[in-house]
Amino acid sequence: MTNEQHNEAAEAVEEQISEEQQQAAEETFAEDVSTDSRYAGLEKQAEEAQQRYLRAQADFDNFRRRTTKEKEELAQYASMKLITQLLPVVDNFDRAMAAASANGDFESLAKGVEMIFRQLEQTLTGEGLKAMNVVGEPFNPEFHQAIMQVESDEHEEGIIVEEVQKGYMLKDKVLRPAMVKVSG
């Protein structure tokens with residue numbers, strides 16, 4: 001082989017190597033670009049997820065503050081309805097006292113107070129309050145408070161003989177237990 005042929009062959013090999021290197025470089029560049037675009041896409045998704053998380057956290061904080069405020073207002077004004085219903089009773093007591101002091105008729109005052117008491121009972125019953133009927137019932141510490149034990153020929157042991165102070169239920173809960181005397 002001549003020098004010239006040898007040089008041509010070397011140039012052809014160099015060209016082939018150069019083309020292969022260029023092709024490899026292009027592939028690497030394409031991979032880098034592809035990797036970069038995937039990386040950029042993932043970075044964008046992560047940023048969007050972070051923003052959604054922050055918005056959800058802020059929404060939750062606002063919700064929690066709003067419900068706390070609503071609970072406080074509800075607790076503050078919970079008795080408003082009942083008080084509104086009791087105002088006519090208070091007005092009637094005012095009228096009864098004014099009428100009694102004006103003419104001194106105590107029989108009319110007693111009738112008026114009785115009527116007002118019935119009005120008050122109706123209002124409280126409408127809200128779920130009811131008095132316990134306990135005389136003759138077996139003693140139950142969940143509903144009754146025994147203040148004394150007495151001997152009784154009429155009742156067997158553990159039966160309520162006398163009610164000293166009325167007990168009240170509010171719907172299905174004991175509001176105040178009845179104070180009672182129990183047979184011994």
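The values are calculated or read from the model by the stated rules, or taken from the named source; none is laboratory data. Note that the coordinates shown come from a computational prediction; the quantities given were computed from them, not determined experimentally. Note: ideal-geometry Cβ built from the backbone for every residue, glycine included; neighbour counts use all protein chains shown. Heavy atoms of the whole protein, side chains included, go into the accessibility calculation; ligands, DNA and RNA do not. Shrake-Rupley method; radii C 1.70, N 1.55, O 1.52, S 1.80 Å.
Only sites in a loop by DSSP and with at most 11 other Cβ atoms within 10 Å count here; which trypsin sites (Lys or Arg not before Pro) in the stretch 88-184 make the cut?
LYS171
For the pairs LYS111/LYS166; LYS71/LYS181; LYS44/LYS69; LYS71/LYS111; LYS71/LYS173; LYS130/LYS181, flag any whose C-alpha to C-alpha distance is greater than 32 Å.
Over 32 Å apart, Cα to Cα: LYS71/LYS181; LYS44/LYS69; LYS71/LYS111.
Going through the stretch 84-173, which GluC sites (Glu not before Pro) have at most 14 other Cβ atoms within 10 Å and a DSSP loop state?
Loop-located and lightly packed - GLU127, GLU142, GLU151, GLU154, GLU156, GLU157.
With r defined as the distance between the Cβ atoms of GLN85 and ASP172 and R0 fixed at 22 Å, what FRET efficiency is calculated, to the nearest 0.05?
0.55
Quick one: pull the percent of accessible area on the stretch 108-184 belonging to carbon and sulfur, 1.4 Å probe, ligands and nucleic acids left out.
51 percent
Can you list which of the chymotrypsin sites (Phe, Trp or Tyr not before Pro) found in the stretch 38-135 are DSSP loop residues with at most 13 other C-beta atoms within 10 Å?
Passing sites in the stretch 38-135 are TYR77.
Could you list which residues have their amide H under 5 Å from that of GLU162, counting only those 5 or more apart in sequence or on another chain, with H placed in the peptide plane?
Placed amide hydrogens put LYS181 under 5 Å from GLU162.
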